[in-house]
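Working notes, structure below.
The values are calculated or read from the model by the stated rules, or taken from the named source; none is laboratory data. Everything numeric here is computed off the predicted structure, so don't read it as measured data. So basically every Cβ, Gly included, is an ideal-geometry build from the backbone, and we count neighbours across all protein chains shown.
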Amino acid sequence: MRCDLPPYWGLRDYAVGGQIGLEPTMPQFINRLITVFQEVRRVLRPDGVFWLNIGDGYTSGNRGWRAPDKKNRARAMSVRPDTPEGLKPKDLLGIPWRLAFALQEDGWYLRSDIVWNKPNAMPESVKDRPSRSHEFLFLFSKSERYHYDVEATREPRDDGRGTRNKRSVWNVNTEPIKNAHFATFPRKLVEPCILAGSKPGDYVLDPFFGSGTVGVVAQELGRRYIGVELNPDYVTLAVDRLFQHPQPDR
C-alpha cells in the first residue's frame with residue numbers, strides 16, 4: 001500500500017531542487033502529481049491501496065507574495081503562483097477534488113473521501129468566511145477488488161454497545177514535531193490507513209516521506225516501509241526518528 005501527503009500548491013517553498021508545489025499553474029501541479037502516482041501504481045500490488053491526504057488553498061489575486069498571518073507567521077511567502085485561469089481573487093481553489101477526479105480519470109478507483117476534522121486546527125485571521133479546520137483524505141485502489149481489513153479499524157458505537165465500521169469523518173488533532181516542517185501527518189491519521197490497507201510484514205510506500213511519520217507508524221504496526229524525500233534536512237530528521245525502531249525482520 002502507499003500513504004501520501006504531497007506538497008500543497010503555492011503554500012510553501014521548501015527550498016530544494018525538483019520540489020513539487022510551486023508550479024506556475026494549477027494544471028501543471030496536478031499533472032506532476034499524476035505522473036508521480038502513475039509510477040506508484042506501476043509498482044503497487046494489484047490488491048494494493050493508495051491513501052492521499054491533500055489540502056486546499058485560495059487564489060493569490062496575482063500578488064505574487066503572501067504576508068504572514070498574525071496567528072501563523074510561517075504562512076508568509078515571497079513567491080506565489082498567479083490566480084488560475086477561470087478563477088477570481090479570493091476563490092477557493094478546490095484542489096483536493098480536482099486532483100481526485102484527475103486520478104480517477106487516469107485509472108485509479110476512487111473508493112472513499114474522508115474528512116479529516118482537526119479539533120485543534122490552526123486559527124486564521126479571517127472575517128469573511130469560516131476558519132478552515134478540515135482536510136480531505138482519499139482512498140484509491142489499483143483494482144476493483146483489493147485488500148481492506150475492515151475489522152482492523154472498527155470503532156466504538158455512539159451508544160457504547162459494540163463496534164461499527166469506521167465512519168468517513170475522522171477527528172484527529174494535529175501533531176507538531178520538533179524541528180519538522182509544519183505539514184506532518186499525525187500518527188492517529190496514519191494508523192487506520194495502514195491497518196486497513198496492509199497486513200503485518202507488508203511494505204508501505206511513501207514517496208513524500210517528510211519527517212518520516214508514515215515509517216514510524218509502519219514500524220510500530222509491524223510493517224516495512226520505503227520512503228522517498230528530496231530535502232536532506234527532512235531525511236536527517238526522519239532517520240533520527242526511525243533509528244529508535246528498526247524494521248521487522250524479513
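Hey, among R42, R145, R98, which residue is within 18 Å of the chain's Cα centre (by Cα), among the basic types (K, R) and at pLDDT 90 or above?
Working: R42 fails: within 18 Å of the chain's Cα centre (by Cα); R145 fails: within 18 Å of the chain's Cα centre (by Cα).
Exactly one residue qualifies, and that residue is R98.
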- Note on the structure: Reported set for the stretch 97-151 where residues are under 23 Å from P186 (Cβ atoms) and in contact with a Pro (Cβ under 6 Å, 6 or more places away or on another chain) is F136
- Item | G222 being surrounded by 20 or more Cβ atoms within 10 Å (Cβ to Cβ) and under 25 Å from L237 (Cβ atoms) | no
- Counting only residues that are in contact with a helix residue (DSSP H, G or I) (Cβ under 8 Å, 6 or more places away or on another chain) and over 24 Å from R42 (Cβ atoms), which one in the stretch 96-124 is surrounded by the most Cβ atoms within 10 Å (Cβ to Cβ)? W116
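More than 18 Å from the chain's Cα centre (by Cα), at pLDDT 90 or above and of a type outside the set (S, T, Y): does that describe P81?
So P81 does not fit the description; no.
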